[in-house]
């Protein structure tokens with residue numbers, strides 16, 4: 001991101017081109033293998049913070065300018081939020097795994113045998129998808145059989161996440 005400073009300072013490059021550069025050079029690398037992440041609430045906040053930091057760098061808005069994130073997103077035309085992209089990728093991958101009949105379908109929901117450790121058990125990828133969908137894994141797996149119904153469920157879930165997030169565009 002810092003190597004792109006000359007591009008951000010160039011007034012001959014339009015905002016649309018700068019946005020496409022951010023999408024292709026920064027966010028595509030950031031989102032690599034994001035469908036396999038275990039995203040907790042705090043991590044989702046860090047994803048949103050990174051996204052806003054990236055857009056502020058591109059627009060050359062200093063943090064002391066006291067501009068809200070909503071105003072920055074409005075100036076950019078309300079791009080799709082990174083956290084909703086990650087959630088969409090996770091749920092799409094979940095559907096892909098459960099529609100196919102291969103090793104991944106058997107490995108993903110299983111837990112490795114290990115001794116019980118102290119404290120809260122770590123959040124698994126399946127726990128994250130269950131939390132996103134707000135339904136049991138069994139009923140979610142049944143929904144994945146029909147790809148059209150699954151896509152509709154994913155879109156509805158992402159829209160619910162956007163409504164819950166005050167920064168997210170509608």
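The values are calculated or read from the model by the stated rules, or taken from the named source; none is laboratory data. The structure presented is a predicted model; accordingly, all values stated were derived computationally and were not measured. Note: ideal-geometry Cβ built from the backbone for every residue, glycine included; neighbour counts use all protein chains shown.
Tabulated data
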| item | result |
| --- | --- |
| Filtered residue count, the range 11-29, keeping only those that are surrounded by fewer than 15 Cβ atoms within 10 Å (Cβ to Cβ) and touching a residue at least 60 places away in the same chain (Cβ under 8 Å) | 1 |
| Any hit, the range 64-77, residues being surrounded by 13 or more Cβ atoms within 10 Å (Cβ to Cβ), in contact with a helix residue (DSSP H, G or I) (Cβ under 6 Å, 6 or more places away or on another chain), at pLDDT below 85 and more than 15 Å from residue 161 (Cα to Cα) | no |
| Candidate set: the range 145-170, residues that are at pLDDT below 85 and part of a loop (DSSP other than H, G, I, E, B); chosen: the one surrounded by the fewest Cβ atoms within 10 Å (Cβ to Cβ) | 170 |
| Subset tally (residues that are surrounded by 12 or more Cβ atoms within 10 Å (Cβ to Cβ), in contact (Cβ under 8 Å) with a residue 40 or more places away in the chain and part of a helix (DSSP H, G or I)) for the range 30-43 | 3 |
